[in-house]
Amino acid sequence: MSDPAALAPRLPAGFLFGTATAAYQIEGGHDADGKGPSIWDTFSRVPGAIATGETGDTACDHYHRWREDVKLMASLGCNAYRLSVSWPRVLPNGIGRPNDRGLAFYDRLVDELLANGIRPFVTLYHWDLPQALQERGGWASPLVVPAFSLYAGLIAAALGDRVKDWMTLNEPEVVAFAGHYVGVHAPGIRDFKTAVGVSHHLLLAHRAAAKTIRAARPDARVGIALNLSPCDPASDAAADADAAVRMDGYLNRWFLDPLFGRGYPKDMLELYRPYFDQGHELDGYDGALDFLGVNYYSRRIVRAGGGPLRADRVDPEGAEHTAIGWEVHPASFRKLLVRLQRDYAPRHMYVTENGAAYDDVIVDDRVDDPARVAFLARHFDAAATAVAEGVPLRGYFIWTLMDNFEWSHGTSKRFGIVHTDYPTQRRRVKASGDWYRRLIAAHRGARSTASPSVRRAERA
Ligand code: FCB
């Protein structure tokens, strides 16, 4: 199954092969050239917040090594790249005067990508809110909505002559709930009501920013990257089935339904009644997505339980896991993509993140990572099957280009297809990177042999 020559013809012509990164996880340069602090600069300094005690102050030092990193992508044959802009790098106070030196960094980076035949997909918010805005309430305050929209307008004006593909937000569910209910992400708040309110402000911010981007750049394509997973009941018991529906409502439908013009799901409004009473603001709301970005890592198995959702996640017996403890389940990936198409029919879809952490080792100057190769091959296979079933998938961004600062895990979890040696900042392409290079090359050579179902998908 991991044979690139067999896989490549099952992906449509024009397919985008990329990797994804996020500013805080790779850039470093945390106070370089006038950048303001973000909530992750603050949070990573809270004792105990990061398992390894690290910060992202240096990370992969991409802020200084971007040219080399673009070369690396080009050497893999990638024709797309998903990056995020650090809001406090370009607006140190969140609003007000832009930082020209910060903007110049992204300007140069975009030029270099295009010069190497790599199409930039830009995420505006991948979790590094300016600390100055947190001090005014952050995502819990409605003030963030116009601030985000102004920021989006600034970036669309600065880069939109060359960048056509935008994602407003990365994983609003994680922003809202990991950041404001579980408290394991910045800003480290632990309150369900606050978290639900944050999720609402995120959706309003998406709408406001999408409008601003389109007004500034009528040819822009605006999407969002959601973390989505099938939620399956742990048993045949009706109580577990109900719990799985609630989990699906929490994780998937709470964001998808409003983005596709249906308002918040009624069952969830009912469940959230003690915490939330503002749903009507989304009446008549439609995310008008040009594409849906899907971040997929694993499925969720659910049984009746506690907390506001009265549901608990369980780890199925005998499951296969990656080094971060997430179950490997490619069949759920196909199921998710097909369901999204059936229930929401997005115009286009991209896999905006998929990948795996493993405990890589360097032997004879090489990183052989067969588990990651198998993971990627099985997930690309699942995606190709979904394409044959009519899913309008147009590209795939592997998480991630190079090992980087994995949030509360610090640098202890390695997701890269390129190895990062942090003390020297040397990059080494792993065997999985070589596998990706072969897949991309095979795709380039394979178009003449594509099957009729793939051809049909291409025409759709
Ligand atoms: C996703 C994040 C990304 C990375 C991967 C492993 O939830 O969007 O930044 O941390 O998980």
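Dipole of region 285-329 (Lys/Arg Cβ +1, Asp/Glu Cβ -1, origin at the Cα centre): which of ILE324, GLY307, PHE291 lies farthest to the positive side?
Farthest along the dipole direction, towards plus: GLY307.
Taking R0 as 35 Å, what FRET efficiency do you get between GLU135 and GLU327 from their Cβ-Cβ distance, rounded to the nearest 0.05?
Computed FRET efficiency for GLU135 and GLU327: 0.35.
Spelling out what I want: for every residue of region 11-17, take phi, set θ = phi - 60°, compute 6.51 cos²θ - 1.76 cosθ + 1.60 (Karplus), and round to whole Hz; glycine and proline get x.
10, x, 4, x, 4, 9, 10
For region 117-125, just list the computed ³J(HN,Hα) in residue order, Karplus coefficients 6.51, -1.76 and 1.60, θ = phi - 60°, integers in Hz, with x standing in for Gly and Pro.
Rounded to whole hertz, the list is x, 10, 7, x, 10, 10, 9, 7, 10.
Only Cα pairs under 8 Å and at least 6 apart count here; give the relative contact order of the chain as a rounded whole percent.
20 percent.
Between ASP107 and GLU270, what is the FRET efficiency for a Förster distance of 45 Å, r being their Cβ-Cβ separation, to the nearest 0.05?
Once the sixth-power term is evaluated, E becomes 0.40.
Stretch ALA319-ASP359 to full length: gain in nm at 0.36 nm per residue minus the Cα-Cα span?
12.6 nm
Carbon and sulfur atoms: what percent of the 1.4 Å accessible area of the chain do they account for?
Of the solvent-accessible surface of the chain, carbon and sulfur hold 52 percent.
Quick one: what are the phi-derived ³J(HN,Hα) couplings along region 224-233, Karplus 6.51/-1.76/1.60 with θ = phi - 60°, whole Hz, x for glycine and proline?
For region 224-233, the Karplus-derived couplings read 8, 10, 10, 8, 10, 8, x, 10, 10, x Hz, x marking Gly and Pro.
Find how many whole Å separate the alpha carbon centroid of region 17-41 from the alpha carbon centroid of region 234-308.
Here the two parts' Cα centres lie 31 Å apart.
How many nm is it between the label spots at THR52 and ALA441, if each spot is 7 Å from the Cα in line with the beta carbon?
Reported label-point gap for THR52 and ALA441 is 3.2 nm.
Report the convex hull volume per residue for the chain, counting only C-alpha atoms, in Å³.
Roughly 140 Å³ of hull volume per residue.
Below 9 angstrom from the Cβ of SER86, what's the summed charge of the other residues (Lys, Arg +1; Asp, Glu -1)?
0
Write down the accessible area per residue of the chain in Å², having rolled a 1.4 Å probe over the full set of protein chains.
Spelled out: the 1.4 Å probe surface of the chain, per residue, equals 36 Å².
Nothing charged except the Cβ atoms of Lys and Arg (+1) and of Asp and Glu (-1): what's the magnitude of the dipole of the chain about its Cα centre? Round to the nearest 20 debye.
Its charge dipole is roughly 1340 debye.
The values are calculated or read from the model by the stated rules, or taken from the named source; none is laboratory data. For clarity, every value in this text was computed on a predicted model and none was experimentally measured. Please note: Cβ atoms are built from the backbone with ideal geometry, for glycine as well, and neighbour counts cover all protein chains shown. Remember, those area values only see protein heavy atoms, side chains included, never the ligands or the DNA or RNA. Shrake-Rupley method; radii C 1.70, N 1.55, O 1.52, S 1.80 Å.
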